[in-house]
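S.K.: Mind looking over this structure? Questions follow.
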Amino acid sequence: MGADRTRPRGVKECALVPFDSRPWLAQGEAGDVGSRSEDIATPVVSPYFEFLPELDPEWSIGFRRRAPLSIVASHAVCFQTLSGQEKKLTSKHQPPRTGGSVEHYDAVVIGAGVSGMYALHYLREMGLSVQVYDGASNVGGTWWYNGYPGARVDGPGSPFYCYTFSEELMKEWDWEETQSEQSAVLAYLEHVADRFDLRRDIQFETWVKDAGYDEVEQRWTVETSTGVRASAQFLICAVGALSTANMPDIPGIGDFAGETYHTGRWPHEPVTFEGKRVAVIGTGSSGVQSIPEIAKQAAHVTVLQRTAQFAFPAGNRPITGEEMANARAKWGASRAKMYASVGGFPHDPNPARSALDDTPEQRQALYEELWQRGGFGFFLNLYDDIATSEEANATLADFVRGKIREIVRDPDTAEKLMPDHFVITKRPILENGYFEAFNRDNVTLVDLREDPIERFNKASVVTRSGEHPIDMLVMATGFDAISGSMLRLNPKGRGGMSLKKRWRDRFHNYLGLTIAGFPNLFMIHGPGSPGVFYNMPLGAERQLDWIGNFMRHLQEKGVGAAEPMTASEATWADEVSALADATLFPRTDSWWTGANIDGKPRYFSAYLAGSIYYQRIADLAAKDYEGFVFEPAHRAEDA
């Protein structure tokens, strides 16, 4: 499956389903070249897609107006060959990288964060030659870019937010806190890169500009920012569910002359808030984490709140040596429990009890105990109907609102901080002193629902009630999550079909891994998978394991290209929606439903039952990858 795309030697004749139609072109989404019939008859090497983010060059969050706009592009590409007989192309054995010629590999992996790093390791273990390109200056992906003050793991934390494929790795790394800070997670990922010698196959400060599928060659062609072009049979997109920064479109924001930062693109040089008037827009996870830390230094902080949030105590504490030793001693059992749990962590399911089964006093006692304990365990020890029953949900929501009123001394400010949506139907946030920050004399809350922003000028943000002079703007406005990075990549599949056209009305996919019309393309943590509702490192491992086995299956059967049927996509979409519709999640505007991005399809796109998901995709693999169509490998004389 390297340069020679004939049936592998020794493989017997097998039954294959030929491509005698192009159902994805029958949906009114044909590419820009020719008619549908012409597109079907004439293979197209599509024009390359633009990978750089679509930002207003007037302000482009220029990181103090000094860093280049290109720094916001942060994706990686890696390459290899399935043929063990071909010369390995690695960072140590590369042709001059001057562009012009095309380098041939088996797989291209876009992204060198948590998922991309494991993809690199896994594909190398398969015997593939792998080269990684990344727009960042080091490994880490989201953890490399999100170095804002207070950034921490705010899900179930250490020592189980980690890779599981190597017990030796678990034994040699000590986690210091239950909710590890960004620098600690990044240090861990750098250690992994060193431990498995990943950097020899990574070229940093290089990003993918273009990708198109060649139907005759049955290969993807990518072009990088350095001018290097590469051809590969497989395109694996580990682009990150939380990596495409959401830039607010507010009148005059480009006129602001002070320092401007986005939490998702935080600079690596020190940022000082000392003596400065800082405005923070956004109160999601990054805003809730950064505001208390910024307030400790700044002369004044103006919090521009778009949505009041439910936030819960992080309960961060040191991990003792005894706890680490215990985790290592029970690693096998813990890993098995992680595989069996809905979220991929070694926790038991929520107690099978309704919130309405207990008296108000009993509920209050449980909520208070969990609040005092803190951490993500709060959500893992709740009643089992908080996310499905309005009445049960209201009991927890009222408890948290009561806590906000207890903590925030000014009643008017406390009322502005009252959330009005179903609790936990936006991403649960773990906080370290967020509500207490509003008791500081140097913190002012502006509720944008009552006092909206009208414009920015050179030195201020102007709301309906007046002008707020500022020296610095911090945009904690999150991401175009789950689908945004794939759409920014915008690969071109069969007939030149762009992903933007294919996903115009919905994020069509099968198993959250594949897309009809885009043969041999795989997503990690894409829409239709558990994604952000699952332990991300473990999820990356399990999805890559499935993809790797699929690739082996294609090799054994002499298959050159495989993709799902559109009917399979529709059935999968119904399954994803049915799970979501049994909960309150789709009834709240959130980035989970795409509500934070204008024009984005609005629906809940994640597969909510993680443990069931991995059983489902395993079952489909056992049925000879039911739902896919397979195209025989083209013989060299037919190419």
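S.K.: Taking all protein chains as present, what is the carbon and sulfur share of the accessible area of the range 274-397, in % to the nearest whole number, probe 1.4 Å?
M.R.: 52 percent
S.K.: What dipole magnitude, in Debye to the nearest 20, does the range 512-639 give about its Cα centre under +1 on Lys/Arg Cβ and -1 on Asp/Glu Cβ?
M.R.: Taking the Cα centre of the range 512-639 as origin, the dipole is about 300 debye.
S.K.: Not counting ligands, DNA or RNA, and with a 1.4 Å probe, what is Asp589's accessible surface area in Å² rounded to the nearest 10?
M.R.: Here the accessible area works out near 90 Å².
S.K.: Order 600-607, 391-398, 490-497 from most to least packed using the mean count of other Cβ atoms within 10 Å. Please list the in-between numbers first.
M.R.: On the way: 600-607: 20.1, 391-398: 18.2, 490-497: 25.0.
Listed from highest to lowest mean packing, they are 490-497, 600-607, 391-398.
S.K.: With each pseudo-label sitting 7 Å past Cα toward Cβ, what's the Glu556-Glu205 distance in nm, one decimal?
M.R.: 4.5 nm
S.K.: Based on the alpha carbon coordinates of the range 388-475, what radius of gyration and maximum Cα-Cα distance (Dmax) apply, in Å?
M.R.: 15.7, 48
S.K.: Here's a follow-up. With unit charges on the beta carbon (Lys/Arg positive, Asp/Glu negative), name the residue among Trp143, Met170, Leu189 whose Cα is farthest towards the positive pole of the charge dipole of the range 98-189.
M.R.: Of the candidates, Trp143 comes out farthest on the positive side.
S.K.: Okay, moving on. Using the Karplus curve 6.51 cos²θ - 1.76 cosθ + 1.60 with θ = phi - 60°, work out ³J(HN,Hα) for each residue of the range 228-240 in order, rounded to whole Hz, and write x for Gly and Pro.
M.R.: With the stated coefficients, the range 228-240 comes to 6, 10, 9, 10, 8, 6, 10, 10, 10, 9, 9, 7, x Hz.
S.K.: Could you sort Ile319, Ile291 by accessible area so the largest value comes first, with the probe set to 1.4 Å?
M.R.: Ile319, Ile291
S.K.: Also: Leaving out ligands, DNA and RNA but keeping every protein chain, what accessible area does Glu217 have, in Å² rounded to the nearest 10, with a 1.4 Å probe?
M.R.: Roll a 1.4 Å probe over it and Glu217 shows about 60 Å².
S.K.: Would you mind getting the accessible area per residue of the range 550-615, heavy atoms of the protein chains only, 1.4 Å probe, in Å²?
M.R.: The answer is 39 Å² per residue.
S.K.: What's the extension gain from Asp589 to Glu390 if we count 0.36 nm per residue and subtract their Cα-Cα distance?
M.R.: On the way: separation 199, 0.36 × 199 = 71.64 nm, distance 1.60 nm.
Full-extension gain reported as 70.0 nm.
S.K.: Stretched out fully, how many nm does the piece from Arg464 to Ala567 gain, at 0.36 nm a residue minus the Cα gap?
M.R.: This chain segment gains 32.0 nm when fully extended.
S.K.: Which order, highest average first, do 552-565, 463-476 follow once you tally other Cβ atoms within 10 Å for each residue and take the mean per peptide?
M.R.: Answer by packing, highest mean first, reads 552-565, 463-476.
S.K.: OK, next. Once phi is turned into θ = phi - 60°, what whole-Hz ³J(HN,Hα) does the Karplus curve with 6.51, -1.76 and 1.60 give for every residue of the range 593-608, x standing for Gly and Pro?
M.R.: 9, x, 6, 8, 10, 4, x, 7, x, 9, 6, 7, 9, 9, 7, 7
S.K.: Using per-residue counts of other Cβ atoms within 10 Å, averaged over each peptide, order 179-192, 368-381 from highest down. Let's see the in-between values first.
M.R.: Working: 179-192: 19.5, 368-381: 16.6.
Ranking the peptides 179-192, 368-381 by packing returns 179-192, 368-381.
S.K.: Another question about this same structure. Per residue of the range 242-255, what does 6.51 cos²θ - 1.76 cosθ + 1.60 with θ = phi - 60° give for ³J(HN,Hα)? Whole Hz please, x for Gly and Pro, Karplus curve as stated.
M.R.: Per residue, the Karplus-derived 3J(HN,Hα) values read 10, 9, 8, 5, 8, 9, x, 9, 10, x, x, 4, x, 7 Hz.
S.K.: For the range 424-479, which chymotrypsin sites (Phe, Trp or Tyr not before Pro) are in a loop by DSSP, counting at most 14 other Cβ atoms within 10 Å?
M.R.: Counting only loop positions with at most 14 other Cβ atoms within 10 Å, none of the chymotrypsin sites (Phe, Trp or Tyr not before Pro) in the range 424-479 qualifies.
The values are calculated or read from the model by the stated rules, or taken from the named source; none is laboratory data. What you are looking at is a predicted structure, and each value in this text was computed from that prediction instead of being measured. Heads up, the Cβs are rebuilt from the backbone with ideal geometry, glycines too, and the neighbour counts pull from every protein chain shown. Ligands, DNA and RNA are excluded from the accessible area calculation, which covers all protein heavy atoms including side chains. Shrake-Rupley method; radii C 1.70, N 1.55, O 1.52, S 1.80 Å.
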